[in-house]
Amino acid sequence: MVWMVNQQVGRGRSRTWGVALLCWLFIMLVTPKIPLSYRNHLYADMRNFVGVPNTLNVITNFPFLIVGVLGFVLCLGGGSFFNIRLPGEMWGWLLFYGGTASVAFGSAYYHLRPDDNRVLLDTLPLIPCIAIPIMTFLFPPKYTHSRYWLWTVGVFILAKMEALADMKIYRANNYIISGHSLEHLCSAIAPVLVTVMLMHRSCRFPRYSNFKVQNGNS
């Protein structure tokens, strides 16, 4: 019975993700491009070091690459390190870590020359910030340590607050690092929290194979 419930929850979750993806693609295709004010592409720290425009806003994306690549490699090891038991789940986490690594390239590419044509690549990290709380409240957790999802949302909220206080933070620390650069570093903590969750979690429900073994021994 527990196994059947898990299967139904898994199918419902897959359908929800599929519908959400289709809706997102539809909106992206039919929505006309809305030009942003040039002020949206002006940041507090626009210093140029060693020939790299907006240097700190570019290099502070590097942690995304580290976390993404490490997580991707660990998932490729069969999923045993993260207690991943289903092939479909492993593919999902491979996509997650691959997307995390791609954030480093997308955001860095945007900050090298901020404009309307590149801004989408910088806003992709907002997607998990929206999806995580929705999935957390819609579906019961199958694993322990699910509170890490909420902590991840909290980190994203803190990062957005740092971005809004870009210039204020920059002035407060005597022009060392801006709020937007701190937003990048803070956002990179989110996949780290998810990784810690994967390392320590355990399944809340017995596996179907365990039921078969128990029934065979009885």
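Just so you know, all these numbers are worked out from the coordinates, no wet-lab data involved. Since the model is a prediction, treat every value here as computed from it, not as a measurement. For neighbour counting, all protein chains shown are included, and Cβ atoms are generated from backbone atoms with ideal geometry for every residue, glycine included.
Here are some notes:
- From least to most packed, judged by other beta carbons within 10 angstrom and beginning with the fewest, LYS142, LYS168 follow the order LYS168, LYS142.
- Gained length - LEU70 relative to LEU112, 0.36 nm times residue gap less alpha-carbon distance: 12.6 nm
- Scanning residues 5 or more positions from TYR143 or on other chains, those with amide H under 5 Å from its amide H are ARG204, with H placed 1.01 Å from N in the peptide plane.
- Karplus-derived 3J(HN,Hα), 6.51/-1.76/1.60, for each residue of segment 90-101, Hz, glycine and proline x: 5, 5, x, 6, 4, 5, 4, 6, x, x, 4, 5
- FRET efficiency, ILE59 to LEU94 (Cβ-Cβ, R0 30 Å, nearest 0.05): 0.70
- The Cα atoms of segment 63-121 give a gyration tensor whose axes a ≥ b ≥ c have a/c of 1.5 or more with a/b greater than b/c, which makes the shape prolate.
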